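FYI, it's all coordinate maths here, none of it is from the lab. This structure is a prediction, so every number in the text was calculated from the model and none was measured. Ideal geometry is used to build each Cβ from the backbone, glycine not excepted, and the neighbour counts take in all protein chains shown.
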Amino acid sequence: MPQIPHAEEGLVCPLHQKDMSTVCHKCPWWMQVRGKNPQGEDMIDEWRCAVALLPLLLIENAQVARGTVQAMEMLRNGVVESVVHAVKVAEHETTRRLLDESQHQYPRQSSIR
């Protein structure tokens, strides 16, 4: 099992009301975070309190949600465009069939007698 580092001295844990360097390495909320900072391009690889990370994770979650909404909007627009095209094709085909049927039912009378 990897060694869990102690937090830096000087900050007080709001949950335990003790210096973070004495309690964080024992706390289940003390976790290692790796990945890209959602507020910039820098990479994160450090130990932090999960509760303190919540604002950062909420920002990342909002960014992912916006990306999902954009993808769904693009999909919706594509589906609407396809349906409109299919309706136009069906309308054209129906009109053509009706015209063909009317010509077979009522053939034109020749004007020459």
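Among Gly40, Gly67, Gly78, determine the one that fluctuates most according to a GNM of the chain built with springs between C-alpha atoms less than 10 Å apart. Answer for the Gaussian network model of the chain: Gly40. Straight-distance candidates among the lysines for linking to Lys36, with alpha-carbon spacing under 30 Å and chain neighbours fewer than 8 residues away dropped: Lys26. The chymotrypsin sites (Phe, Trp or Tyr not before Pro) of the range 1-84 that DSSP puts in a loop, and whose beta carbon has at most 14 other beta carbons within 10 Å, are Trp29.
Rounded to the nearest 10 degrees, the inclination of helix 50-105 to the longest alpha-carbon principal axis of the chain is 10 degrees.
Where the alpha-carbon atoms of the chain are placed on the principal axes, they occupy 113, 26, 25 Å, in descending order. Its residue count N fixes a reference of 2.2 N^0.38 Å for the range 1-46, and the Cα radius of gyration divided by that reference is 1.33. Once the other residues with Cβ under 14 Å from the Cβ of Trp47 are scored (Lys, Arg +1; Asp, Glu -1), what is the net sum? Neighbourhood net charge equals 0. For Ile44, the amide hydrogen comes within under 5 Å of the amide hydrogens of Gly35, Lys36, Asn37, counting only partners 5 or more places away or on other chains and with H modelled in the peptide plane. Helices in the chain, meaning DSSP H runs of at least 4 residues, each add -39500 (n - 2.57). Divided by all residues, the mean residue ellipticity at 222 nm is -19000 deg cm²/dmol.
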